[in-house]
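J.: Structure in structure tokens, see below.
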Amino acid sequence: MDNNFTLDLADEAATLAFGSTLGKAIIPNLTIYLHGDLGAGKTTLVRGLLQGLGFSGKVKSPTYTLVEPYENLTTENGLLNLYHFDLYRFNDEEEWESAGFRDYFNAESVCLIEWPEKAEHILPMPDIDIYFKIKPTGRDVHIDGHSLNAHACVKNIKELYS
Ligand code: ADP
Ligand code: MG
């Protein structure tokens, strides 16, 4: 199953555009890990994705809140709830249960997670890994899908870029 995709993102606008494309390709029931150093473009991608889905509010980085919810978003593939996690400061596994974060992972949601490495023992496995690499100018982004659901989404992305 050909489930990979690599793109060169020349500038911030390209990262936003890639996010918007991902928004058109997105389907519910996905856990997406976002990998890459600080400043690599993970939050920018989520911002582009939300803007592409017509969300006009401010997209805050959830560094302090751990998660920002965006519910009842209309997509080409139906309504979904999007949860944007940033686990950079995550250090309390009990909080994961007490805050009910586990419930955010369900058949109607898409969870995008920055710094999944900080909670690797409690997070659900990813359907899709997205890797950002900082280059002297711009970024490389590589998408790696693992599940059937991911395959459908990555196929949609490829069609949108072809
Ligand atoms: P992260 O969430 O990975 O820490 P952010 O998205 O918050 O990173 O910040 C990325 C920074 O890099 C922002 O200043 C953004 O404008 C910039 N940026 C995003 N994409 C690109 C790109 N493709 N090329 C150059 N700069 C980018
Ligand atoms: Mg970020």
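The values are calculated or read from the model by the stated rules, or taken from the named source; none is laboratory data. None of these values were measured; they are calculated from a predicted model. Because the Cβ atoms are built from the backbone with ideal geometry, glycine has one as well, and the counts that use them run over all protein chains shown. The area values use the complete protein model at the heavy-atom level, side chains included, leaving out ligands, DNA and RNA. Shrake-Rupley method; radii C 1.70, N 1.55, O 1.52, S 1.80 Å.
To keep it simple, each residue is scored yes or no on (1) within 28 Å of K135 (Cβ to Cβ); (2) of a type in the set (V, I, T); (3) touching a strand residue (DSSP E or B) at 6+ places or on another chain (Cβ under 7 Å).
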| site | (1), (2), (3) |
| --- | --- |
| N3 | yes, no, yes |
| T6 | yes, yes, yes |
| D11 | yes, no, no |
| T21 | yes, yes, no |
| T31 | yes, yes, yes |
| L34 | yes, no, yes |
| P62 | yes, no, yes |
| T75 | no, yes, no |
| L87 | yes, no, yes |
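J.: Of everything in the stretch 38-59, what is near ligand 2 (Cβ under 10 Å from one of its atoms) and over 12 Å from the mean Cα position of the chain (by Cα)? Give them in sequence order. Lay out the reasoning, then the answer.
T.: First, the residues of the stretch 38-59 that are near ligand 2 (Cβ under 10 Å from one of its atoms): 38-47.
Matches in the stretch 38-59: L38, G39, A40.
The rows are residues; the columns are (1) modelled with pLDDT under 95; (2) within 19 Å of E159 (Cβ to Cβ).
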site	(1), (2)
L16	no, no
S20	no, yes
T31	no, no
G54	yes, no
D92	yes, no
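J.: Still on this structure: Please find, within the stretch 1-18, the residue that is farthest from ligand 2 (Cβ to nearest atom) out of those that are touching a residue at least 60 places away in the same chain (Cβ under 8 Å), in a loop (DSSP other than H, G, I, E, B) and open to solvent by 30 Å² or more (accessible area, probe 1.4 Å).
T.: Once the filter is applied, the top-ranked residue is M1.
J.: For I130, indicate whether it is among the β-branched types (V, I, T), in contact (Cβ under 8 Å) with a residue 60 or more places away in the chain and open to solvent by 70 Å² or more (accessible area, probe 1.4 Å).
T.: Spelling it out, it is not the case that I130 is among the β-branched types (V, I, T), in contact (Cβ under 8 Å) with a residue 60 or more places away in the chain and open to solvent by 70 Å² or more (accessible area, probe 1.4 Å).
J.: I'd like the full set of residues that are more than 16 Å from ligand 1 (Cβ to nearest atom), in a helix (DSSP H, G or I) and in contact with a strand residue (DSSP E or B) (Cβ under 9 Å, 6 or more places away or on another chain), limited to the stretch 115-151.
T.: Quick first cut of the stretch 115-151, residues more than 16 Å from ligand 1 (Cβ to nearest atom) only: 119-128, 144-151.
Keeping just the survivors that are in a helix (DSSP H, G or I) gives 119, 148-151.
Correct list: A119, N149, A150, H151.
J.: Let me ask something else. Here are some residues: P116, P69. Which one is under 12 Å from the mean Cα position of the chain (by Cα), at pLDDT 95 or above and away from ligand 2 (no atom under 12 Å from the Cβ)?
T.: Numbers: P69 fails: under 12 Å from the mean Cα position of the chain (by Cα).
None of the other options fit; the residue is P116.
For every residue, the table says whether it meets (1) part of a loop (DSSP other than H, G, I, E, B); (2) more than 14 Å from ligand 1 (Cβ to nearest atom); (3) open to solvent by less than 70 Å² (accessible area, probe 1.4 Å); (4) not charged (D, E, K, R).
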residue	(1), (2), (3), (4)
S20	no, no, yes, yes
Y33	no, no, yes, yes
A40	yes, no, yes, yes
Q51	no, no, no, yes
T65	yes, yes, no, yes
T74	no, yes, no, yes
L79	no, yes, no, yes
H84	no, no, yes, yes
